[in-house]
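Asks: A single structure is presented below for examination.
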């Protein structure tokens, strides 16, 4: 199998003497965040808030696309690897244009809609796919 253009993890600046220049530009552009550019390996971490617990997320948090993951069906039970169990977006591409959805882009309202959607499901499935305060929230900034 050949895969092109797929990257996991942060890229590394090379040669390393570019690191101070990149960090200086980052601080100039985003002074309130961190002193190292979090886009590259040398920073060691992401910007605070890119990964956090759901219980720590503000009810006013907004996004343009949200995916709730839960355990997949595996050998008669829902305990397999995570898969998308609910997804919502602020607009949908219909092949010609983007069409706005009715979702208000609040993470909290998407979670409420998901809970309403699974309210009639089997209790064991609903329990496994209902977001909890200790679940991780991950910010992904994707550009094609």
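The values are calculated or read from the model by the stated rules, or taken from the named source; none is laboratory data. All figures in this text were calculated on a predicted structure; none of them were measured in a lab. Glycine also receives a Cβ, built like all others from the backbone with ideal geometry; neighbour counts cover every protein chain displayed.
Asks: Residues of segment 50-70 being in a strand (DSSP E or B) and out of contact with any helix residue (DSSP H, G or I) (no Cβ under 9 Å at 6 or more places or on another chain), which ones?
Replies: Matches in segment 50-70: 51, 52, 53, 65, 67.
For every residue, the table says whether it meets (1) at pLDDT 95 or above; (2) surrounded by 14 or more Cβ atoms within 10 Å (Cβ to Cβ).
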site: 56; (1), (2): no, no
site: 69; (1), (2): no, yes
site: 84; (1), (2): no, no
site: 104; (1), (2): yes, no
site: 110; (1), (2): yes, yes
site: 116; (1), (2): yes, no
site: 122; (1), (2): no, no
site: 128; (1), (2): no, yes
site: 142; (1), (2): no, no
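Asks: Another question, then. Determine which single condition residue 73 fails, assuming it passes every other condition in (1) in a helix (DSSP H, G or I); (2) free of Cβ contacts under 8 Å to residues at least 12 places away in the same chain.
Replies: (1)
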